[in-house]
Each structure stands twice: as structure tokens, then as C-alpha cells.
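Bear in mind that the values in this text are calculations on the coordinates, not laboratory data. Note that the structure is predicted; figures quoted are calculated from it, not measured. Please note: Cβ atoms are built from the backbone with ideal geometry, for glycine as well, and neighbour counts cover all protein chains shown.
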Amino acid sequence: MTVEIHCPYCHFSKKVAKEKIPAGVQWATCPRCGQRFNIHDSGALGPEHSGLGKGYSDGGAEGEASSREGAPWEKRSEIGLFRAVFGTIKEVLFAPQHLFRTLAFKGGLKEPLAFGILIGGLGSMFGFFWQVMLLSGGMASFGLCGFEQLTAGLIFIVLVVLIPLSVIMGLFCYSGIMHLLLLLVRGGKNGFEATFRVVSYSQAAQVWGLIPFFGGWVGGIWQIIVQIIGFREIHETSYVRVIFAFLIPLALLLVIGIAVLVILVVYFKGPGPLSL
């Protein structure tokens, strides 16, 4: 026998088997909107106990994890490729808090990696294209960049091969560094995959690179903001910890810079002339 449970917030419904119900369960977490509601008050079950099925829980730790789901990109077989890509980009850019609050942090690296390569690669290609336009337009010498002996076809092949490889390396290296920094401030409790998912999906900010010349700068700033929000939500930590994690490299660079400056001052100043 099955019963149908309705979420009173987003009206999501699911038929589940009666025998799956844990004894005494009264609360469920909607797998679509993440809201927690009383299954008896919702009027879905009636007086009898019934099962919650996959995606519902009694509100414990496992329930919080099961209420998370994949990004629209991971549902492209259901909603179509265009809607999946556009929907993910839209949520990353304009609703990152909701996306990463409900984004699953377990499920493999393949899906977020594919999205990161696709959008990050396109953004990098357009960024390079606008630089070439600046150089070839006379604002700088194109020959000084070392491309004067390369044909357009060869440049295209190099870009198609090197940019995806650089994006892949960048995703893994940057994610590893950021996760280490988050661990240092005790803000990475949900593991490396959670950090990697935020970094990969934050590549959606690279679409600003479609805007000529200054779009890359906007995208870079936007991407950092998205990552701060994403790390906070997916690791369920505080903004203070996340911001501290971002500031650690800057603090190290500042210390190194001051040390180098002091060494240079001492070296060039040297001992004064001997007075007789």
C-alpha cells in the first residue's frame, strides 16, 4: 500500500510505501525546497502512520543530507541541456545562497567537473579572444606575444587543447588549496567534494567574459562572491570562517612582501662611510 505526501510549501508530492515508515516519525524534509514540515499537519497521511520514502527524513543529520539534491545541470536528462545549463548559470549568478544550501555534497566529481570545464573553458576562450582583439587593434604589439609565427588554425588547436587542460588543473588545484584553508579555520566539515562542487559551479560567473574587455574583471569579482556564499552554505559554517580562509594567502603575501622590503632596505643602505 502506498500513500502520497504533500509539501505545504512548494506542493511537491511523492507516493511512498506504507511499510517504509520508521516508528514515531512526525516530520519530513522536502527534497525539492528543503523545508521541514509536520507530515500529519499537512493532511497527507490521515490518522495512520505511513512511510517517508527516499528524500524524506525525521529531521536528523541524515535527513539534512537527503534533502539536498543536484544542480539543474545534473538533471539535464530530464529538463533538457539548454534549460539545465541556463538554469544552473542563473542560480549561481543570482541565487547562489539557495543553490548551495540545497546542493548535494556527495555524488561524485564528474558532473560538477563537466560543468566547470564547459563554462570555465568558454569563459577563458572569450577572455583570450578579447585580448587578441586588443592586441591586433593596435593597442599593443601582437608580435611581442610570440604568436606571430602561428597560424590561426594552429592557435585554435592550441586553445582547444590547452584551455580545457588548464581549467581541469585549475579546478583541482584551487579546490585543494581552498579546502586546506577552510580546514585550517574549521570551515570545511563536509569534505573536499563539497568544496570542489562550489568551485566548479562558480565557473558560471565566467559568462561575464562574454562582455568585451572588462567582462573578465567583473566575472572574477563575482566568482569570489559566489564562492564565499557557496562555501558558507555547503559546509554549513560562518561567513567569518570563510572570509578568514580567503584572507590567509593575502596575509602570507603581505608578510613575505614586508620581509623582502626590509631585506632590500638593509642590503642597499649598508654601512655608512667611515669618518676619519
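Computed quantities for the displayed model
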{"item": "Taking Met169, Met125, Met178 and counting other C-beta atoms within 10 Å, the order from fewest to most", "result": "Met169, Met125, Met178"}
{"item": "Packing-based exposure ordering (other Cβ within 10 Å, fewest first) of Tyr201, Tyr267, Tyr174", "result": "Tyr267, Tyr174, Tyr201"}
{"item": "Surrounding net charge for Gly107, when Lys and Arg each add one and Asp and Glu each subtract one, Cβ distance under 10 Å", "result": "0"}
{"item": "Residue order, fewest to most surrounding Cβ atoms within 10 angstrom, among Ile79, Ile5", "result": "Ile79, Ile5"}
{"item": "Radius 10 Å from Cβ of Gly87, net charge of other residues (Lys, Arg +1; Asp, Glu -1)", "result": "+3"}
{"item": "Sparsely packed trypsin sites (Lys or Arg not before Pro) within region 161-210, loop by DSSP, other Cβ within 10 Å at most 13", "result": "Arg186, Lys189"}
{"item": "Sequence ranges 229-238, 102-111, ranked by mean other-Cβ count within 10 angstrom, highest first", "result": "229-238, 102-111"}
